[in-house]
Amino acid sequence: MDHTGATRPDAHLGDPLVVLDGVNKHFGELHVLQDIDLTVRQGEVLVVIGPSGSGKSTLCRAINRLETIDTGTIRVDGQEMPAEGRDLARLRADVGMVFQSFNLFAHKTVLDNVTLGPRKVRKVSKAEAEAEALKLLDRVGVKNQAAKLPAQLSGGQQQRVAIARSLAMHPKVMLFDEPTSALDPEMINEVLDVMVGLARDGMTMIVVTHEMGFARKAADRVVFMADGQVVEQATPEEFFTNPRSDRAKDFLSKIL
Ligand code: ADP
Ligand code: MG
């Protein structure tokens, strides 16, 4: 609240943290990312929605350098990610990523899954890594599963472990690419609740999801992508009540 009593909706947001400038990418003939300009500010929760094949996953993967780009720049906290080398691993740790498939190491315990990155990349001691891992597992509600193997957990529990594993690297931003799409319906909310908690704690997040309830509850801004382009961006309220483009109207009429 300022002294006029008005609430600025973006008052909690900080400086630009993830900045995409004129990003283009092709897969052969397919122009999968077309002149993408996008700025995500510190503490912002950006929800990316759009039809299948519109380039949402490619966008996430490009931010984390799992895909190269043809032209343009992507900066995280002012630094462009190198294509390879030692700096890449360090900078990639700034960008946590949670995928649709949980990607846990199947033959390692839950605790080892969470401690591995900090020990290898951040050179944290075993004891320190384990102490922090247990706190993170507690935060996502699976501390009592620490000694188990991933396959002994439900999908929702595994995805929460994947979130804890990302957080253990102390990322500056978290990317979520359809994190609940592979889950049975009754497990979706336990994962979304963890994500809402992260958002409330001020984590900067880019979330690709079809969960419009999450977008309404947690998003500062919704970006609608179609055919490799950012077609519109708006607050969730604006976007859901008054989408401007025909593409967005058509998309919303199919999912809502
Ligand atoms: P979304 O996540 O929005 O569904 P994607 O980013 O996964 O979209 O894909 C965008 C387009 O790029 C799709 O047409 C897809 O088939 C294509 N694509 C994705 N990855 C590759 C790849 N490695 N090689 C060739 N085409 C790809
Ligand atoms: Mg995708």
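The numbers here are math on the coordinates, done by the rules we state, and not lab data. Bear in mind that the values here come from a model prediction, so they are computed numbers and not experimental data. In this analysis, Cβ positions are derived from the backbone assuming ideal geometry, glycine residues included, and neighbour counts consider all displayed protein chains.
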Exercise. Taking the stretch 218-256, which residues are within 16 Å of the chain's Cα centre (by Cα) and in a helix (DSSP H, G or I)?
Worked result: Ala218
For this session: Report, ordered by the first and then the second residue, all pairs with beta carbons closer than 8 Å, sequence separation of six or more or different chains, a first member in the stretch 84-105 that is touching a residue at least 40 places away in the same chain (Cβ under 8 Å), and a second member that is of a type in the set (Val, Ile, Thr) and not in a helix (DSSP H, G or I).
Result: Ala93/Val121; Asp94/Val76; Asp94/Val173; Val95/Val76; Val95/Val173; Gly96/Val173
Exercise. Do any residues in the stretch 147-168 that are crowded, with 24+ Cβ neighbours inside 10 Å have Cβ atoms under 6 Å from those of residues that are of a type in the set (Ser, Thr, Tyr), where the two are at least six apart or on different chains, and which pairs are they?
Worked result: none
Problem set entry | Single residue of the stretch 54-77 satisfying the filter (in contact with an Asp or Glu (Cβ under 8 Å, 6 or more places away or on another chain) and not in a strand (DSSP E or B)) that is farthest from ligand 2 (Cβ to nearest atom) | Asp77
Seminar exercise, completed: Log entry, pairs with first residue in the stretch 10-26 being touching a residue at least 40 places away in the same chain (Cβ under 8 Å) and acidic (Asp, Glu), second being loosely packed, with under 15 Cβ neighbours inside 10 Å and in a strand (DSSP E or B), beta carbons closer than 7 Å, six or more apart or on different chains, reads Asp21/Asp37; Asp21/Thr73
For this session: Considering each of Ile69, Ile49 in turn, give the residue that is in contact with a His (Cβ under 9 Å, 6 or more places away or on another chain) and either closer than 26 Å to Glu237 by Cβ or surrounded by 16 or more Cβ atoms within 10 Å (Cβ to Cβ) (or both).
Result: Ile49
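I need a count of the residues in the stretch 163-191 that are within 19 Å of Gly43 (Cβ to Cβ) and either part of a helix (DSSP H, G or I) or within 16 Å of ligand 1 (Cβ to nearest atom) (or both). Spell out the reasoning first.
Start the filter on the stretch 163-191 by keeping residues that are within 19 Å of Gly43 (Cβ to Cβ), which leaves 163, 166-167, 169-176.
Adding the requirement that they be either part of a helix (DSSP H, G or I) or within 16 Å of ligand 1 (Cβ to nearest atom) (or both) leaves 163, 166-167, 175-176.
Within the stretch 163-191, residues that are within 19 Å of Gly43 (Cβ to Cβ) and either part of a helix (DSSP H, G or I) or within 16 Å of ligand 1 (Cβ to nearest atom) (or both) number 5.
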Problem set entry | Tally, over the stretch 191-216, of residues that are in contact with a helix residue (DSSP H, G or I) (Cβ under 9 Å, 6 or more places away or on another chain) and buried (at least 19 other Cβ atoms within 10 Å of the Cβ) | 15
Exercise. Looking at (1) within 16 Å of ligand 2 (Cβ to nearest atom); (2) in contact (Cβ under 8 Å) with a residue 40 or more places away in the chain, which is the one condition that is false for Leu183?
Worked result: (2)
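Going by what's in this entry, would Glu237 be described as without any contact (Cβ under 8 Å) to a residue 60 or more places away in the chain, within 16 Å of ligand 2 (Cβ to nearest atom) and of a type in the set (Asp, Glu)?
So Glu237 fails the test.
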Exercise. crowded, with 21+ Cβ neighbours inside 10 Å, of a type outside the set (Phe, Trp, Tyr), part of a strand (DSSP E or B) and away from ligand 1 (no atom under 16 Å from the Cβ) - does that describe any residue in the stretch 101-110?
Worked result: no
